[in-house]
Every structure is written in structure tokens, then in C-alpha cells.
């Protein structure tokens, strides 16, 4: 079942046809769109810093709170869970009140949570405030991705989404070294105070410079209500979108790629650090840099390639658009994911000295490239097929992924201690290969899969 402007993804009352092309996508000029992308990317960067700056500080925090690294690492799992819940809440309400109010509601919660983490004197308080902190900034990615989908046509969306994700994932490169440096030369508490200040700055940018981007169809009865006239919306209703075989397949593929990144990076102080005798938190944080650079470099490339695939295959079909064509970009770089995690386990186990460290850093770089060749086209694809609920589908994907990743973060270290590094990375490798296979199946049978369950697929003007 193919789609063009005259041939929707699925016929029926639940198909939404957006407003006139000019009024929807030409509301903002190029400069205005650049400002919007900058602001939402700056907000999307925050969750990455909230998570990434924490990991290199785990040994110091454990010492400061008279706890253990395994116990403190639970804060990472908790923040993943809080991001999932928060993302669902902010996404659901952004479809009713609009994108802009969600940032103005979420940033104060982030600030309060950051200050609470900084002042924590026990593990219990730390875990509580980490939940509040992560919840507050959880809308950064789903609401930001939705804003990108609001202002760019489908054939431009992959490139714009790649820039957005690339800017967000710059946090993967910078946050660990920032957190490690702060822990070693400054204080992990001071860094948390700084994250709270960042939230205030972002709130100022949103208040002064971010217009509302959502389409007129997205906002429920917006115009008849205000942020002060609260309407209850079930945030978990977004999860029902996952009954779509297409969305579920790409979500599992998305999660499989992220599993490898977590398996490589979460235990880094106890694997790379221990194996190559690195105890300086700043240097441990610097080991994250190749992965983040791979993310940052690959994201816009993967996004542009996914747009190219749309244009190429649409031309081959003489104007017929098939949304799964965007996923063909995943096949180009997606195999870097299982290859990198497998090689890293073998290198760490069998190659000592500087050579082993350098090869590991190359594996991290390869993994960063591969993960973004999976995440960026999938993110754009989800917005393509469900644009009228774009924030909600991104949040649902993120939440389901978190259900998988939260226990992964908790069991990585015990698995390495019990099964060994090679076996643990081998399991992650097999998971990534399965995810790659799911993408291939979705490309091949995506039109039939969409016909199985109608979740209100959106026609996108070409």
C-alpha cells in the first residue's frame, strides 16, 4: 500500500490530511526555522547532560555518600525511567496545549531537581531528586522532534532531524568529559548546580524567542483553553500507538542499538578504566568522546541520506511515496553497531597496553556512527507516518525503549562480573543483529504491516 498526495497511507475516517502546504510549512522563514532548531536542540541537549555528566562521577558520589558504585548507578536507571514517564507526559500535553508551554512547565522542574541532587546527603535523597531532575527535562527530545516535524516538509525533514539529533547527541560527546573533569577538578555537586542554571537560561530562550510551531489540528481545543485551565490527558494513551507493527519493529531496532551503547559506556570505569589503569575521572570521561563524536558526525549524514532515499525511490516509482524508503539509510551504517560492540569486548579482553586502548576508542567511534545511522532515520520515519501525533509517538518509542534500557543499565556490571566481558558484549551483539533484521523486514513488508493495524497514519504533503 503506497502513498502520495492523492493516495493516503490508509483510507478511512482516522486518516488526517494536514492543512494547506503553504500555511503549514511556510509559516516560518529560513532564519526563523534556524532559531527554532537551535532552541529545541539546546533543550534536547539537556537530558544528555543530565545523564552523561553523572556516569563518570559515580565512584566519587559513592564515596561521598558512603555507598557503592552499583547502588549509585541505580540513579542512571531511575533517570532513564523518569525520562520515559516525563516524555509521555510532556508529549501528550504538547499535542493539546502546544510545544512552547511544555518547555516553560518542564524547565522549572529540572531546576528544582538539579538543586536537590546537588544538596543530597544520602542515596535515598539522591535517587528522589534524580527522578525529579530527569522528569523535568524529559520533553526535550520528543517535543523538540515534534517541533522539527511541524516546520519541515517530509523531503526536508530527515536532514533537519539529523541536525537536531546531532546537536542533541553532542551531549554524548561532551557530557562525560564535562562530568569527569568537574568531578576531578571541581565538584560533582557544583556541576549539578550548573545544570539547574542551564535550565533557567533555556527557559529564558524559550520565553523570548520560541514561537508555537504545532499545527492547528494538533491542539485539541487550544484557543478555548490556557495553561491555567488544566485538562486531564492520559499520558499513557500514547503507548497504544505501539500496537502498530511498523512502529513496534523500528522501536525494537532503536532499542537494540541503544543497548550496545549502554553496554559499552555504562561500565567504562570498571572495564576500560580498570583494564588500562585509568583512574582519573576526567580521563574516563574523555573515553566517551569518540562515541559522541561518532553520533555528532553521523546524525546529519544519516538524516540527509534518508531524505535522499525518499527522493530516489519516489522517482523510481514515478511519484509514489513509500515511507519505509527512509529506513534504507539504516542498512548503510547499521552494521557498525554489532561489529563495534563485539570487537570492543575482544580487544579489552585480549589486547593490553596503548594499542588496546586505541582500538577500543575506535570501536566507540564506530558504535557512535552506527547508532546514529539507526536512530536518526527511525526518528524521522516515526514523524513521517504519524505527524499529527509526532511528539506522542517519539515519547512512546522513548518510553518503551526505556523499559528495555532501565534493566540493562542495572544488569550490565553484574553480567560482566558473572559472565565476563566477552559474553556480555556477545549478547549485545546478537541483540543488535536482530534489530538490524527488523529494519530489513519493515522495509520489505512495511506497506502490508501498516494495513494490519490502523493507528491513524498521517498523510504527509509532498
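The figures follow:
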quantity: All positions within segment 82-122 that are surrounded by fewer than 19 Cβ atoms within 10 Å (Cβ to Cβ) and under 24 Å from residue 404 (Cα atoms); calculated: 85
quantity: Counted residues, segment 318-364 - those being surrounded by 23 or more Cβ atoms within 10 Å (Cβ to Cβ) and at positive phi; calculated: 0
quantity: Which numbered condition residue 289 misses (of (1) within 29 Å of residue 145 (Cβ to Cβ); (2) free of Cβ contacts under 8 Å to residues at least 60 places away in the same chain); calculated: (2)
quantity: Cβ pairs under 7 Å, 6+ apart, first in segment 121-137 and part of a helix (DSSP H, G or I), second surrounded by fewer than 18 Cβ atoms within 10 Å (Cβ to Cβ) and at pLDDT 95 or above; calculated: 132/112
quantity: Looking only at segment 209-231, and only at residues there that are at pLDDT 90 or above and surrounded by fewer than 19 Cβ atoms within 10 Å (Cβ to Cβ), the one that is nearest to residue 45 (Cα to Cα); calculated: 209
quantity: The one condition in (1) over 22 Å from the mean Cα position of the chain (by Cα); (2) modelled with pLDDT of 85 or more that residue 282 fails to fulfil; calculated: (2)
quantity: Residue within segment 311-330 that is within 17 Å of residue 275 (Cβ to Cβ), touching a residue at least 60 places away in the same chain (Cβ under 8 Å) and part of a loop (DSSP other than H, G, I, E, B) present; calculated: no
quantity: Which listed residue is buried (at least 21 other Cβ atoms within 10 Å of the Cβ) and touching a helix residue (DSSP H, G or I) at 6+ places or on another chain (Cβ under 6 Å), from 443, 369; calculated: 369
quantity: Check on residue 433, at pLDDT 90 or above, part of a helix (DSSP H, G or I), crowded, with 23+ Cβ neighbours inside 10 Å and at negative phi; calculated: no
quantity: Residue match in segment 192-208 (condition: outside any helix (DSSP H, G or I), within 30 Å of residue 96 (Cα to Cα) and at pLDDT 90 or above); calculated: no
quantity: Residues within segment 178-210 that are more than 21 Å from residue 284 (Cα to Cα) and touching a helix residue (DSSP H, G or I) at 6+ places or on another chain (Cβ under 7 Å), tallied; calculated: 12
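The values are calculated or read from the model by the stated rules, or taken from the named source; none is laboratory data. Predicted, not measured: the structure shown is a model, and the values here were computed from it. In this analysis, Cβ positions are derived from the backbone assuming ideal geometry, glycine residues included, and neighbour counts consider all displayed protein chains.
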